[in-house]
Amino acid sequence: MKILQANNFDLLLNILKENEYEIIGPTIQNGAIVYDKIESSRDFPIGYTDKQTPATYRIEKSNNDAFFHFVVGPQSWKRYLYPPVQKLFTAFLNGNAIKFEKEEFLPIKYAFIGVRSCEIQAIEIQDKVFFGGEFQNNRYKTLRKNSLIIAVNCSKAESNCFCTSMESGPEVKSGYDLVLTEIIYDKEHYFLINSGSQKGDEILSQMNLLEADENALKLGKDVIEKTKSQITKHLNISNLKELLLKNIESSIWEDVAKRCLSCGNCTMVCPTCFCMTVEDYTDLQKTKAERIQKWDSCFTLEYSYIHGGSVRVSVGSRYRQWLTHKLASWHEQFGTSGCVGCGRCITWCPVGIDITEEASKIRKISEYQNISLEEN
Amino acid sequence: MDVMIPTTYKVQKFFKETHDTFTIELKSIENKNGFSFEPGQFNMIYIFGVGEIPISISGDPNKHGVLVHTTRAVGTVTREMAKLKKDGIVGIRGPFGKPWPIKEAVGNDILLIAGGIGLAPLRPVIYHVLSHREYYGKIILLYGARTPQDILYRKELERLKSRLDIDIIVTVDRAVKNWTGNVGVVTTLIPRAPFDPINTTAMICGPEIMMRYTIVELLKRGLAKENIFVSMERNMKCGVGFCGHCQYGTEFICKDGPVFSYKEIEHLFGKREI
């Protein structure tokens, strides 16, 4: 474990640039902390923090000059590894012949800086979706393999965070190339920095940093412990898959449908949601047609459309599809939950529907039914 | 090779089957080895500038030189497909999906039950079992169409009926003048169909409601759930498990199906809006 002084942070950024990485990290845009291109440490949301409750997100000044004293915003890293809009191919029609020209992509080397523990888990979940099976998404796979993950241990939790329930945080334990812990203590401001891979070793070896002393290590542990203690939201995941799959005809889906606007925000902010649709665009002469892939949401009517109509007409059935996919079907499909407890879907739901509350209702109803059965 | 990029096929033959269904015979332009598939698999068919849809393959699996699709002109893409002519070009991705259990069914009676256009995905099974006749017991096809005019592959069915080693029973929902055959939904044929329930593999394809009531009748006859197979349908954008659209409970119809045993999906089957 080494120490990187906050006022020397650009050393790390410069080395990343020298190693031909495009640096993406947190920065403020339109009143939210988003992930975008980082030129220097001044681009970070220095001195800002976020406040999140169901249906509410605000950034505000914090009482220190921390670089990373906030949790996760509306975007996730999937925006870069799996862009919202991608061209798949252009088809050229010439007389009676069609030529398909595959859309090539730049194999950019991204350095993602400020990746949270829950987000690493989300990326690893998408890895399973895009190249864990028989078919491979080459674009995703290339960008992912090229990427450098510089994680940061969360220095705070917000009321929508439930990573401890999903075993995804707050401490960064694996899946990183470098990991940072930000420490502000007694006028000192520095980062503990450690490598978790060969790529991380190579970057670290170019920096010539001092070893962290025991005191610094202890302060680093305190940061994680403090964050852990701030987590108030919990989701009981024991038997949750079975409970949900058993209750697909429960009345709670109709109940949540009374509140759900089926806007699809939850699916857009979710770091693991991967659904997409395709659209075709032709030129006016009908000689050139482009096929564009776009993020899609299971909350739209078109999503389940087959000849004659949509399969999931009611809002309740669409919410059920989303929640049971995330917390139940995903286990069968990819051997992991589809939820990492980042809380984005709760924050960005315009009516504040809380995935943990809806899942708990199923458990409560189910437990009540079991008790009444036993009593009878 | 990118799994999302189609390869081009040329239309060799186009013919109308009924007033709203048609068949296209395609030949690969790029691949000299032709096209191989297993009965029950499907392709994603791309029509220039219009879109791409999943359609099951309905030709003979032993003939690699030609790729055959039968479909109904019902949506944006299929209506455009219906305008194809000889030498027209389509894009093909595939074959995708798990096939009908033709290997597992060796030694058994084969009971095929089709409703409407549902006969198209089962036709490759008919070709296969007839060309490997000695491996199977009785072969029975129960087919229901709306009206006599809606009977798909009518000439072929009449020709097959003349064979002594296959039973073909056709029924129509609504008869017209000159129809002297069965009238009624296809499920009414099941109680008297000549198969041995213990050693029968049933393969069903048709509208979900038709498959549901067919299963009810088959269970009454004593068929085991694991010997009843259905072919499911949902919206699909990719065919390879990336787009999410075809999810049916925990299953992806594109890669875990489209063929499922009833036992696998019993807990979902017939439930609303899954």
Roll a 1.4 Å probe over the protein chains and send me the accessible area per residue for the protein assembly as shown in Å². 43
Give a residue-ordered list of calculated ³J(HN,Hα) values for segment B:113-122 (Karplus: 6.51 cos²θ - 1.76 cosθ + 1.60, θ = phi - 60°; whole Hz; x for Gly, Pro). 10, 10, x, x, 5, x, 6, 4, x, 8
Chain B - charge dipole about Cα centre, Lys and Arg +1 at Cβ, Asp and Glu -1, debye rounded to 20: 680
Quick one: which of A:K199/A:K226; A:K102/B:K86; A:K141/A:K364 span more than 32 angstrom between C-alpha atoms? A:K141/A:K364
At a probe of 1.4 Å, how much accessible area disappears from chains A and B on forming the pair, both sides counted, to the nearest 100 Å²? 3800
Taking θ = phi - 60°, what integer Hz values does the Karplus form 6.51 cos²θ - 1.76 cosθ + 1.60 yield along segment B:255-268, in sequence order, with x for Gly and Pro? 10, 8, x, x, 8, 10, 7, 4, 4, 5, 10, 3, 5, 10
Would you please give the FRET efficiency between A:E302 and A:E242, computed as 1/(1 + (r/R0)^6) with r the Cβ-Cβ distance and R0 = 35 Å, to the nearest 0.05? 0.65
How big is the shadow of the Cα convex hull of segment B:109-231, averaged over all directions, in nm²? 7.0
When the accessible area of chain A is split by element with a 1.4 Å probe, what percent falls to carbon and sulfur? 48
In segment B:7-95, what percent of the accessible surface is made up of carbon and sulfur (1.4 Å probe, ligands and nucleic acids excluded)? 50
At a Cα cut-off below 15 Å, give the aspartates and glutamates reachable from B:K27, other chains included and same-chain residues fewer than 8 away excluded. B:D60, B:D87
Farthest toward the dipole's positive end in the protein assembly as shown, which of B:H19, B:T76, B:W100, given Cβ charges of +1 (Lys, Arg) and -1 (Asp, Glu) about the Cα centre? B:H19
Considering only the other residues whose Cβ falls under 10 Å of the Cβ of A:V315, what net charge follows from Lys and Arg at +1 and Asp and Glu at -1? +4
Calculate the length of the line joining the C-alpha centroid of segment B:117-138 to that of segment A:113-159, in whole Å. 47
Other chains' Cβ within 10 Å of B:233-242 residues: what's the mean? 6
With no solvent and one point per C-alpha, what does the Debye sum give as log10 I(q)/I(0) for segment A:157-280 at q = 0.13 Å⁻¹? -0.83
Within straight cross-link reach of A:K361, meaning Cα distance under 22 Å, which lysines are found once same-chain residues fewer than 8 apart are removed? A:K233, A:K241, A:K246, A:K258, A:K326, B:K271
Kindly work out what percent of the DSSP beta bridges joining two residues of segment A:59-174 are antiparallel, to the nearest 5. 60
Calculate one ³J(HN,Hα) per residue across segment A:288-301 by plugging θ = phi - 60° into the Karplus curve 6.51 cos²θ - 1.76 cosθ + 1.60, and present them in order as whole Hz with x for glycine and proline. 9, 10, 9, 10, 10, 9, 9, 4, 10, 10, 5, 8, 8, 5
Identify all lysines with a Cα-Cα distance to B:K161 below 28 Å; exclude those on the same chain that are fewer than 8 residues away in sequence. B:K13, B:K16, B:K63, B:K103, B:K138, B:K177, B:K220
Quick calc, segment B:7-95, dipole around Cα centre from Cβ unit charges on Lys, Arg (+) and Asp, Glu (-), nearest 20 debye, gives 260
Kindly provide the helix-only [θ] at 222 nm of the protein assembly as shown, computed as the sum of -39,500 (n - 2.57) over DSSP H runs of four or more divided by all residues, to the nearest 500 deg cm²/dmol? -7500 deg cm²/dmol
Along each principal axis of its Cα atoms, how long is chain B end to end? Whole angstroms, biggest number first, please. 48, 45, 37
Among residues of segment A:268-289, a drop of 40 Å² or more in 1.4 Å probe accessible area, assembly relative to the chain on its own, occurs for A:F274, A:M276, A:D280, A:K286
Over chain A, consider all pairs of different Cα atoms and compute the Kirkwood hydrodynamic radius from their mean reciprocal separation; express it in Å, one decimal. 22.5
Among B:L142, B:W179, B:Y127, whose Cα projects farthest towards the positive end of the dipole of segment B:109-231, with charges put on the beta-carbon of Lys, Arg (+1) and Asp, Glu (-1)? B:W179
Which value, in debye to the nearest 20, gives the size of the charge dipole of the protein assembly as shown about its Cα centre, when Lys and Arg are +1 and Asp and Glu are -1 at the Cβ? 2340
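The values are calculated or read from the model by the stated rules, or taken from the named source; none is laboratory data. This one's a predicted model, so the numbers in the text were calculated from it and none came from an experiment. Quick reminder, even Gly has a Cβ in these numbers, built from the backbone with ideal geometry, and neighbours come from all protein chains shown. With ligands, DNA and RNA removed, areas are computed over all heavy atoms of the protein, side chains included. Shrake-Rupley method; radii C 1.70, N 1.55, O 1.52, S 1.80 Å.
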